[in-house]
Amino acid sequence: MAAASMIRAPVGQNPRLAGRGGGVVRCSLQGAVVGGRAEWQSSCAVLSSKVAAVGAHSVNGHVAPPAPPQNGAAVLDLIPVSRIDGGGGGVPTKLPQPLRIADLSPAPMHGSQLRVAYQGVPGAYSEKAAGKAYPGCDAIPCDQFEVAFQAVELWIADRAVLPVENSLGGSIHRNYDLLLRHRLHIVGEVQLPVHHCLLALPGVRKERLTRVISHPQALAQCEHTLTAMGLNVVREAFDDTAGAAEYVAANGLRDTAAIASSRAAELYGMEVLADGIQDDSGNVTRFVMLAREPIVPRTDRPFKTSIVFAHDKEGTSVLFKVLSAFAFRDISLTKIESRPHRHRPIRLVDDANVGTAKHFEYMFYVDFQASLAEPRAQNALAEVQEYTSFLRVLGSYPMDMTPMTADISSSDPSPSS
């Protein structure tokens with residue numbers, strides 16, 4: 001995976017448009033403005049056919065005038081190259097390359113040099129997850145989870161790979177909230193074991209350490225091991241695991257160690273004082289792969305579907321009915337998560353006998369094992385829609401069926417990155 005400079009919020013302009021002459025690429029119709037992506041692609045297609053037609057009518061090196069428009073069709077305003085160059089009459093030696101339809105089309109398939117955004121710095125566990133999800137990709141580090149979402153929305157990246165839950169630390173609530181706020185689609189998942197290392201500068205002995213820094217979940221996942229090692233150290237939280245290693249190395253802190261991956265040790269010139277210091281060898285993090293467009297559901301392999309819904313009725317009977325819609329069709333649920341309803345966090349219920357009661361309102365996230373191409377899943381969602389005030393499908397995507405026997409001696413993921 002090629003190294004890349006970190007994207008920081010707020011995200012700037014689309015780099016796909018950079019390096020193309022510095023100007024804004026426009027395709028205009030006389031009397032009309034090209035708006036959305038579909039109109040842009042249509043205009044580009046018409047422009048291509050127009051140029052081909054002009055070339056076909058050239059005589060002795062001169063271009064014949066185009067035929068008049070028919071049926072009131074819009075006329076494309078083709079600007080001569082000499083005018084683009086400033087009117088000098090000659091053809092410039094280097095012309096800005098036009099934006100192609102391929103630049104606006106869905107990104108290539110698995111591993112074809114996709115630009116994949118992840119949260120953290122190089123050496124982060126999320127970088128490893130991005131590499132497993134899209135082998136050979138160009139991994140783009142982002143300083144925040146939301147920046148990774150925006151990078152995909154603004155075409156800076158083709159995909160994002162972000163953690164949503166850990167087998168010990170539970171759900172990554174921030175990313176569940178961002179899934180609802182943004183309009184990206186889940187197109188896949190990867191599950192990787194966590195393998196933490198205790199890193200320090202070369203020559204530092206464990207007995208000289210006074211502080212250990214890392215992401216809060218990494219510190220919690222290694223708490224008992226650090227105590228059993230007899231280290232009398234202060235444990236301080238940091239933004240992410242690889243970032244903690246980078247900080248120790250950049251500042252030459254010989255009294256401080258970091259909990260991170262062995263890849264982070266290689267990148268930042270640190271030594272591994274202790275390997276595999278996680279308290280539970282079954283520590284696994286699940287990542288989701290996000291894209292601008294959903295994939296087509298299939299039935300030839302196991303699929304998982306993620307939804308989010310809310311209801312505006314009292315009591316727990318609505319939630320029971322929703323879950324029953326899946327149970328009656330023998331659809332297994334793999335996860336259910338509740339998050340406060342941001343726009344209506346509390347519902348007031350007036351009762352003349354007992355007064356006013358306050359109830360929290362929630363959004364419910366559900367994962368179930370079925371593809372939207374299956375009739376049973378379609379019927380289940382149709383029934384769920386009857387009981388809910390809001391329903392959104394976050395994605396229907398292939399399940400990660402790879403065995404948990406892959407090499408975990410490198411940077412396997414944790415929600416800390």
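Can you tell me the FRET efficiency between Val296 and Ala220 if r is taken as the Cβ-Cβ distance and R0 is 35 Å, rounded to the nearest 0.05? FRET efficiency, Val296 to Ala220: 0.30.
Annotation: per residue accessible area for segment 128-264 equals 36 Å², rounded to a whole number [probe 1.4 Å, protein chains only]. With each label modelled as a point 7 angstrom along the Cα→C-beta vector, the Ala250-Asn232 pair spans 3.2 nm. Database remark: amide H of Asp400 closer than 5 angstrom to the amide H of Glu189 (H placed geometrically; neighbours at sequence offset of 5 or more, or on other chains; Pro and chain starts carry no H). Neighbours of Ala260, meaning other residues whose beta-carbon lies under 10 angstrom from its beta-carbon, give a summed charge of -1 when Lys and Arg score +1 and Asp and Glu score -1. Computed with a 1.4 Å probe over protein heavy atoms only, the accessible area of Tyr387 comes to about 60 Å². With the simple model of a label 7 Å out from the Cα in the direction of the Cβ, Asp138 to Ala382 spans 4.5 nm. Counting only other residues whose beta carbon sits under 13 Å from that of Ala291, what net charge do I get with K and R as +1, D and E as -1? That sum, taken over residues with Cβ under 13 Å, equals 0. Applying the Karplus relation 6.51 cos²θ - 1.76 cosθ + 1.60 with θ = phi - 60° to segment 369-386 yields 3J(HN,Hα) values of 8, 5, 9, 5, 6, 8, x, 5, 5, 5, 5, 4, 5, 4, 6, 4, 4, 5 Hz, where x marks Gly and Pro. For the pair Arg174 and Glu266, label points projected 7 Å from Cα toward Cβ lie 2.7 nm apart. Scan around Ser171 for amide H atoms under 5 Å from its own, H built in the peptide plane at 1.01 Å from N, and keep only partners 5 or more places away or cross-chain. HN-HN under 5 Å from Ser171: Asn166. Per-residue Karplus couplings for segment 204-218, computed as 6.51 cos²θ - 1.76 cosθ + 1.60 with θ equal to phi - 60°, are listed in order as 7, 9, 4, 5, 8, 6, 10, 8, 10, 10, 4, 5, x, 5, 5 Hz, Gly and Pro entered as x. At q = 0.10 Å⁻¹ the log10 of I(q)/I(0) for segment 234-315 amounts to -0.52, computed by Debye summation with a single uniform scatterer per C-alpha, solvent ignored.
A full extension of the chain between Ser332 and Asp275 corresponds to an added length of 16.8 nm, given 0.36 nm per residue minus the alpha carbon distance. When Asp138, Asp279 are compared by accessible surface with a 1.4 Å probe, the order from highest to lowest is Asp279, Asp138.
Backbone amide hydrogens, once placed in the peptide plane, bring Asp138 within less than 5 Å of Leu114, Arg115, Val116, excluding anything fewer than 5 places away on its chain. Considering segment 197-275 at the alpha-carbon level, its Rg and Dmax are found to be 10.8, 29 Å.
The values are calculated or read from the model by the stated rules, or taken from the named source; none is laboratory data. Bear in mind the structure is a predicted one, so any value in this text is a computation, not a measurement. Here Cβ is always computed from backbone atoms with ideal geometry, including for glycine, and neighbour counts include all displayed protein chains. Each accessible area value is taken on the protein alone, full model and side chains, heavy atoms only, with ligands, DNA and RNA left out. Shrake-Rupley method; radii C 1.70, N 1.55, O 1.52, S 1.80 Å.
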